[in-house]
Every structure is written in structure tokens, then in C-alpha cells.
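Values quoted throughout were computed directly from the atomic coordinates according to the rules given, and no laboratory measurement underlies them. For clarity, every value in this text was computed on a predicted model and none was experimentally measured. Using ideal geometry, Cβ is built from the backbone for each residue, glycine included, and neighbour counts are taken over all protein chains shown.
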Amino acid sequence: MELVLEWKDVTYTYPDAKGAALAGMTLRIPRGMKTAVLGHNGAGKSTLFLHAVGILKPQGGRVLCGGKALDYGRKGLQELRRAVGLVLQDPEQQLILNTPREDVAFGLRSAGMDEETIRQCTESALERLGLQELADRPIHHLSLGQKKRTALAGVFATRPEVILLDEPASYLDPASEKLLLHSIGEIHRAGVTVVMATHDMNTAYSWADWIVVLDRGTCRMEGPPDQVFVNKELMEQLGLEIPLIVDLWESLPAGLREGRAVPRNKEQFKTYLASHLVNGGGVI
Ligand SMILES: Nc1ncnc2c1ncn2[C@@H]1O[C@H](COP(=O)(O)OP(=O)(O)OP(=O)(O)O)[C@@H](O)[C@H]1O
């Protein structure tokens, strides 16, 4: 498993804070996978991300990108920010210019690209995220979901190896969340490793290939979703919900489940039920 990012025993305490935000954080993000970072409020998700882009520097331990320890010199940080993009939870903190087209181009200009490349990369990012029709609309006229997709387009346009999304779906209605998840899928299909902090266990289970579970500044579990979520005891201990699909699956008689992987999404579950249950519950 090739790793794109790694935290090794990282500790960090904010100035004036009582306890450590990261208290010996050791975790791995595999290259190319869709990773969900789970954990309660205050578990350390945002602090983890701020370390990945070098905004915060470990007080103990190390952060690695592509197998190399981060270099906090000016050049090292410039390189790191080309490799790792961060999309903040609140797009208002990320969007600077007046329209999506101007804002996406601004990020590329800051990265020192020539005007023709800026134009091409801007158009391609807007198209990939389905924003062409909104490209020249004033940003303050966009909905929250559209602003979030614009912020994502700005980060994606610079073509980082990995994009970290800090609770991207927060405050979105289901339709806007679906659109945003589609956009995130497009970015992953374009070859970017995508890492998403989320409180939504159902989305994490269906969406992610790799799950990390944080608790009080440490990583308590990492692995594929079907291995992580079957550890009911730990999930309960951490007060995290079991995804509905896993819960329903486990309520089926053991004989029906034996030797089968837990369905990953509603469609797989429905297909399974349709082929195994007939006439109001009889088992074929
Ligand atoms: N700027 C800060 N100054 C002091 N303490 C902070 C600061 N930012 C975060 N903390 C503390 O560090 C710990 C980890 O916070 P962090 O924001 O990383 O958690 P989180 O998992 O992202 O939480 P949430 O789900 O609420 O966004 C918490 O105890 C929090 O109160």
C-alpha cells in the first residue's frame, strides 16, 4: 500500500489550550483511495488537516508526504502546497474574488502559471465540477452548495495529489450534498486522492475505501469500511453510530449473511434482498 500522507506519533497543543489536540497521532492515508476521517467534535480532525498542509507544525513526531518528512522551509512549504490541497469547511473563508471563474483563476495565478495554462485549467476545473453556467455569477449570489463546489474547483484546478475536505457536507440539504459528493467523485476519478472529514457514518460507509477513526487526538482504528464498522464495541465506546446498512445487515439471520461481504450501499442491499427474499420474507 503506497502512502500519500502519514502522521507518526504527532503531538500538538494549541497555545492556551488545556489538553493536547493531537496526542500521539499515528495514521496513514493510502494513495488513490477515498478516505473518510471520523471522530467526535474536538477529536482532532481539523488539526490533523492543518498539519498536512504545514499550517501547523508538530511539537513532537513527524508528518510525511509521499514518504518524505515535511520540510518547513519556504521552498518545502511551496512544494507541499502544490501536492496537498485543503478545502475549508466554510467556503467564505476560501473564496476571495467576485465570480467562480475569477476565483479559480486567482489560485492558479498565485501558483505562478502562464495565462494560457490558467485559462485552460480554470475551464477544465469549472467543467469537471459542473460550474460553467455559474462561472460568471457573483459569488455572493451562489447557494452554499454552489460556493462549496467553487471552493473545491479552486483547489482541484491546481491539480494537487491529494485534497483534504473538512466536513464538506455540513449545512447542505440532501440534494446539494448529493451534487457535492458527485463532484468529489469526479475529482477522485481524475486521479486525486480524496480525504474527507465527516460526522456522517452512512456517507462514510458507502463512499470511502479507507476509514480512520479519531478520538481525543489519537487514531483508534484504520482500515477498509467493512472491517472498521464491524467493530461495534469500539464504535459504541466512542459514541459513533453504526451505519444503517451494517446495522440492518447484521439483523438478518446469520445463515443469510454467512460468507458474504456486507453490502456497501442501498442498491447492493436491495439487489441482495430482491434475489434472496420472496413473498413477504420467505427465503430462497
Ligand atoms: N485555535 C485553537 N485554539 C485552542 N484550542 C483549539 C483551537 N482549535 C482547536 N482547538 C482544540 O483542539 C482540539 C481538537 O480540535 P479540532 O478542531 O482539530 O477537532 P475536530 O475533530 O476538527 O472537531 P469538529 O468536529 O468540531 O470540527 C479541541 O479540543 C479543540 O477545542
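Structure values in brief
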item	result
Among ALA20, ALA175, ALA151, residue whose mean-square fluctuation peaks in a GNM of the chain (springs only between Cα atoms under 10 Å)	ALA175
Between the stretch 241-281 and the stretch 75-117, the Cα center-to-center distance that results, in Å	44 Å
Trypsin sites (Lys or Arg not before Pro) lying in DSSP loop within the stretch 12-119, provided at most 10 other Cβ fall within 10 Å	LYS18
Contact order normalised by residue count of the stretch 3-243, Cα under 8 Å, 6+ apart, percent	27 percent
Residue range of the chain that is longest and free of GluC sites (Glu not before Pro) which are both DSSP loop and sparsely packed (at most 11 other C-beta within 10 Å)	3-257
Kyte-Doolittle at least -0.5, axis length at least 18 Å by Cα - qualifying DSSP helices, the chain	144-157, 174-189
Built amide H within the under 5 Å cut-off of VAL4, gap 5+	ILE29, ARG31
Euclidean distance between Cα centres, the stretch 202-233 to the stretch 1-60, Å	15 Å
Point-charge dipole on Cβ atoms (K/R +1, D/E -1) for the chain, about Cα centre, debye to 20	480 debye
Cα Rg, Dmax, the stretch 83-203, angstrom units	13.2, 43
Computed label-point distance, nm, for sites ARG137 and ASP173 using a 7 Å Cα→Cβ extension	1.4 nm
Long-range HN-HN contacts of MET221 with modeled amide H, under 5 Å	VAL213
For the stretch 3-243, average projected area of the Cα convex hull in nm²	13.0 nm²
Distance from the stretch 122-145 to the stretch 167-199 (C-alpha centre basis), Å	16 Å
MRE, 222 nm, helices only [DSSP H, n ≥ 4, -39500 (n - 2.57), over the chain, to nearest 500]	-11500 deg cm²/dmol
